[in-house]
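Below you'll find the structure, written out as C-alpha cells, and then a few comments.
No lab work stands behind these numbers, since they all come straight from the coordinates. Source: prediction; values computed, not measured. Here the Cβ positions follow ideal geometry from the backbone for every residue, glycine too, while neighbour counts run over all protein chains shown.
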Amino acid sequence: MTEFLLEIHSEEIPANFQDFAAENLKNLICKILTDLKLQFINPRCFYTPRRLVIFIERIDRKQADSIEEKKGPSIESPEVAINGFLKSVGKKINEVEIRDIKKGKFYFALIEEKGKYTKDLLAEILPDLLSKVSWPKSMKWGSDSVRWVRPIKSILCLYDERVIKFQYGLTQSSNLTYGHRFFSEKEIPVKSFSDYQISMINSKVMFDQNQRRKEIIKQVEEISKSYELKLLNDMNLINELTGLVEWPKALVGSIDKEFMNLPQKILEVSIRTHQKYITLYQNEKIAEKFIIITNIISEESEPVVIKGNERVLKARLSDASFFYKNDLTKGLEYFSINLSKIVFHRELGDMSMKVGRIKFLSEKIYSKNYGESAFHIDTAARLCKSDLLSETVTEFPELQGKIGGYLAKSSGLSDEVSDAIRDHYSPVGPNDTCPSKPVTVTIALADKVDSLTGFYIAGERATGSGDQYGLRRSALGIIRIIIENNLKINLNSLFSLSLDSFIDQGIDTNVGNICREIMIFIESRLVSYLKNKGIKYDIIAASVPFLSTDNLPNVMSRVMALNKFVNLFGVDDLLGGYKRAHNILLIEEKKDSYIYGDEPSIEIFEQDEENKLYEKLQEVSKNTLKYISLEKFSESMEELSHLNNPIDNFFKYVKVNSSDKLIRKNRLQLLAMIRNTFNKVADFSKLEGI
C-alpha cells in the first residue's frame with residue numbers, strides 16, 4: 001500500500017491553533033506533491049492537543065519519466081553559442097536535432113529525465129516543508145535550531161509501510177509514536193495507518209477531532225438528559241474542549257448554593273469563559289450542576305478531579321461575589337465621579353470627557369429620531385461607562401456594560417436606563433444581537449460614533465494586519481444599528497457633530513478631512529456588510545453609485561429590491577432589452593468618440609415603434625423617479641419591466657444604424673434614454689451577463 005502517514009508529536013498545542021495548523025500542513029504537502037507531478041488521493045488531517053497527523057491514502061510510487069524539448073541557437077550561429085548550448089544540455093553535436101522552422105534552421109535537444117522515487121522525494125522535502133507551517137506564535141527550545149509551536153517530542157513518518165528517514169532540527173523521524181500522556185508512556189511501533197488507528201485507541205488517544213467532538217456532545221447530552229437539565233448550543237466551547245483533551249470524559253460538578261444568587265452573566269463567565277466548564281440550565285437560569293470535560297479515564301480519580309474542579313470554581317465565584325457585593329455597596333454614582341481617572345486615549349482625554357461627548361451626541365440622535373430628549377438619555381449617557389471602575393469589571397473585563405446594567409437595576413433606575421447601560425456596547429460582531437430599544441440604540445450609536453471619530457483624530461487606522469482599536473467593529477455596529485432600526489440619519493452630519501464635540505473640549509482635530517475619510521471607511525464596511533448578507537458582488541457593484549451614508553436604510557432597500565428582482569427574473573428576462581441597448585451604445589460611442597445622452601427628437605422619428613418606445617420611456621422614467629423618492633424600490637423595478645415589449649418591438653422593426661446620419665444619431669439617443677432610465681435605479685451594466 002502506497003499510503004503516507006505523518007505525525008508530529010509535541011507538547012500541548014493551544015486549542016485555537018490546531019485546526020488551522022493541521023489544514024495548513026496538509027495543504028503544503030498536497031501542493032508540493034502536485035508541483036512534483038505526483039498523483040495522490042484522499043488527503044486528510046487530524047489533530048489533538050499533542051499531535052498533528054496527515055494521512056494520504058495513496059501517492060504514486062515515483063514520478064513519471066519525462067522528456068523536455070529545448071530549443072537552441074540557429075545552425076548559422078557562432079560556434080561559441082552552439083557549444084554553449086550543447087554544454088548546457090549535456091549533449092554532443094550528433095545527439096541534437098536540426099529543425100526547419102519559420103525563422104530558419106535551429107538546433108533542438110531532447111532531454112530525458114528519469115522520475116524520482118516518492119520515498120526519496122519525501123525525505124528531501126519534508127524538513128523544509130515543516131519549517132513553513134504557519135503558527136500565530138512559534139518557539140525554539142533547548143539547543144534545537146528549528147521552530148514549532150511547542151517542543152517536538154517525536155516524528156512518525158511512513159510511506160508504503162516504510163520509514164521515511166529525515167531530520168527536523170534534532171528530531172529524527174521513525175516508526176514510533178506515543179499514546180496518552182497519563183496512560184501510555186511506552187513507545188508504540190507503527191506499521192501502517194490501520195495499525196496506527198488501533199494503537200491510538202488502545203493507548204487512549206482519539207486522534208480524529210471529529211470523533212472527539214461527537215464523543216463530547218454525546219456524553220454531555222446524556223448527562224443533561226439524566227439530570228433533566230438543558231444545554232446551551234455552544235459549539236465554540238465544544239470545539240475548544242475538543243482541542244484540550246485526547247480522550248474526553250465528562251464529569252458532573254456542583255455549584256455551592258450560596259453563589260446561585262449572583263447575576264447570571266457572572267456565573268456564566270466564571271464557569272464557561274474562565275474555567276471552560278459546560279453550563280447546564282433549568283427554567284432559563286444556570287443550574288447548580290456543571291460539566292467538566294477531563295482527559296482522564298480512571299474511575300478511582302474521578303471524585304478527586306470533581307472535588308478539585310469544584311474547589312477551583314468556588315474560589316473563582318467567592319472572588320466574584322466579594323467584588324460584586326462591594327460594587328453594590330458603592331453604586332454607579334460613586335464610580336461615575338471618578339471616571340476622570342481612566343484614560344480613554346492619550347490624545348483624546350479621559351473617560352469623563354468621552355461620557356460628556358456621548359451625552360451631547362445622544363441628545364442630538366434621540367431628539368432627531370424619537371422626539372425630545374428624555375431624562376433617561378441623560379442618565380444612561382452619564383452612567384454608561386461607570387462600571388469600568390468597579391471591582392467586578394476589573395476582575396472580569398468581558399462583563400463591562402453588563403455589570404453596569406445590574407448595578408443600575410439594583411439602585412432603582414428604570415429598565416430603559418439599565419438596559420441601555422447593559423447593552424450599549426452591542427453589537428460587538430456580525431452575529432451579536434443589535435439593540436432595538438430607543439434609549440439603548442441612542443447610547444450605543446453615540447458611543448461608536450464618538451470612538452470612531454476619536455481614533456481617526458488620534459491617527460489610528462485599521463490596517464490589513466491589525467485593528468487594535470476595533471474600528472471595523474465600530475463601523476459595522478453603526479451600520480447595523482442604523483439599518484436594523486430604520487433610522488433616518490445623515491452620517492456625515494452626525495460625524496461632523498462628533499468632531500465639534502472634540503473641538504469644544506479643546507482637543508486638536510487639525511488632521512485633514514476626517515469626516516470624508518471616515519465616510520469612505522464606512523462605505524467600505526457597508527460593502528462588507530452586504531457581502532455577509534449574501535448579496536452577490538455584481539449586485540453590490542450595480543448599487544455602488546447609490547451607496548450613500550446619508551440614508552443607510554434607503555441603500556439597503558434598494559440593494560435588496562435589486563437582488564430580489566435579478567434572482568426572481570434573471571438578467572436575460574428582466575434586462576434583455578437594456579443589455580442590447582447598452583452593448584450597441586458601447587460599440588457606437590467608441591466608434592464615434594461621443595457619449596450619447598441628449599433627448600431624442602420626436603420630429604425625426606420615422607417608425608411607430610420609435611414613438612411608442614419614447615412615450616413609454618417618458619412614462620416609466622417619471623414613475624420610476626416617483627417610486628424612488630418614496631423609497632419604493634420594488635415598485636421602481638416593476639416599472640422597468642414595463643419597457644420589455646416596447647424595447648423588443650423597437651429592435652425587431654427598427655434599424656438603429658440607419659444610412660441617414662441624423663436618424664442614426666437620434667436612434668442612438670433613444671437607446672441612451674433606455675440606459676439612463678434603467679440607471680436611475682441601479683447601474684445595470686455591472687451585472688453579470690450584461
Item to check | Which of Asn233, Val245, Thr294, positive extreme of dipole for the range 209-317 (C-beta unit charges) | outcome: Asn233
Checklist entry - Among residues other than Glu610 whose Cβ falls under 14 Å from its Cβ, what is the net charge (Lys/Arg +1, Asp/Glu -1)? => result -1
Checklist outcome for this item: In vacuo Debye sum over C-alpha of the range 335-533, base-10 log of normalised intensity I(q)/I(0) at q = 0.08, 0.11, 0.13, 0.15 Å⁻¹, listed in q order, is -0.24, -0.47, -0.67, -0.91
Next on the checklist: Could you compute how fast the chain diffuses translationally, taking Rh as the Kirkwood radius over C-alpha pairs and applying Stokes-Einstein at 4 °C with viscosity 1.567 mPa s? Give it in µm² per second.
Outcome noted: 40 µm²/s
Checklist entry - Based on the mean of other beta carbon atoms within 10 Å per residue, what is the order of 301-309, 172-180, 668-676, most packed first? => result 668-676, 172-180, 301-309
Checklist entry - Along each of its three principal axes, how wide is the spread of alpha-carbon positions in the range 233-280, in whole angstrom units, largest first? => result 35, 19, 17
Checklist entry - Which value, in debye to the nearest 20, describes the size of the charge dipole of the chain about its Cα centre when Lys and Arg Cβ atoms bear +1, Asp and Glu Cβ atoms bear -1, and nothing else is charged? => result 1160 debye
Checklist entry - What is the range 558-690 by shape, rounded, prolate or oblate, if you read a ≥ b ≥ c off the alpha carbon gyration tensor as root eigenvalues and call it rounded for a/c under 1.5, prolate for a/b larger than b/c, and oblate otherwise? => result prolate
Checklist outcome for this item: Expected vector for the range 229-239, Karplus 3J(HN,Hα) from phi with 6.51, -1.76, 1.60 and θ = phi - 60°, integer Hz, x for Gly and Pro, equals 10, 9, 10, 7, 6, 10, 5, 4, 5, 4, 5
Checklist entry - Charges only on Cβ, +1 for Lys and Arg, -1 for Asp and Glu: so what's the dipole of the range 265-343 about the Cα centre, in debye to the nearest 20? => result 300 debye
Checklist entry - From the phi of every residue in the range 381-390, what ³J(HN,Hα) in whole Hz does the Karplus formula 6.51 cos²θ - 1.76 cosθ + 1.60 yield, where θ is phi - 60° and glycine or proline is x? => result 5, 5, 9, 5, 9, 5, 5, 4, 8, 6
Checklist outcome for this item: With DSSP loop assignment and no more than 15 other C-beta atoms within 10 Å, the trypsin sites (Lys or Arg not before Pro) in the range 499-554 are Lys533, Lys536
Next on the checklist: Quick query: amide H of Val252 versus all other amide H atoms, modeled in the peptide plane; which residues come in under 5 Å with a sequence gap of 5 or more or a different chain?
Outcome noted: Ile292
Checklist entry - To the nearest 500 deg cm²/dmol, what mean residue ellipticity at 222 nm is calculated for the chain from DSSP H runs of n ≥ 4 alone, each contributing -39,500 (n - 2.57), summed and divided by the residues? => result -16500 deg cm²/dmol
Checklist entry - Of Leu129, Ile82, Ser254, which is farthest along the charge dipole of the chain in the positive direction, counting Lys and Arg as +1 and Asp and Glu as -1 at C-beta? => result Ile82
Next on the checklist: I'd like the Kirkwood hydrodynamic radius of the range 66-113, using the inverse of the mean 1/r over distinct C-alpha pairs, in Å.
Outcome noted: 10.8 Å
Checklist outcome for this item: The percentage of Cα-Cα pairs in the range 1-59 separated by more than 15 Å is 48 percent
Checklist entry - For the range 66-113, with only Lys/Arg (+1) and Asp/Glu (-1) charged at the beta-carbon, what is the dipole magnitude about the Cα centre, in debye rounded to 20? => result 200 debye
Checklist outcome for this item: For Gly115, other-chain or 5+-apart residues with amide H closer than 5 Å (H placed, Pro excluded) are Asp65, Ser66
Checklist entry - Under a 5 Å amide H to amide H cut-off, with H placed in plane at 1.01 Å, what residues pair with Lys153 once short-range neighbours are removed? => result His9, Ser10, Glu11
Checklist entry - Once phi is turned into ³J(HN,Hα) by the Karplus curve 6.51 cos²θ - 1.76 cosθ + 1.60 with θ = phi - 60°, what whole-Hz value does each residue of the range 186-195 show in order, with x for glycine and proline? => result 7, 5, 10, x, 10, 9, 7, 5, 5, 5
Checklist entry - Any idea which of Leu643, Asn583, Asn657 is furthest toward the positive side of the dipole for the range 561-686, if Lys and Arg beta-carbons carry +1 and Asp and Glu beta-carbons -1? => result Asn583
Checklist entry - In whole percent, what relative contact order does the chain give with Cα contacts below 8 Å and a gap of six or more residues? => result 7 percent
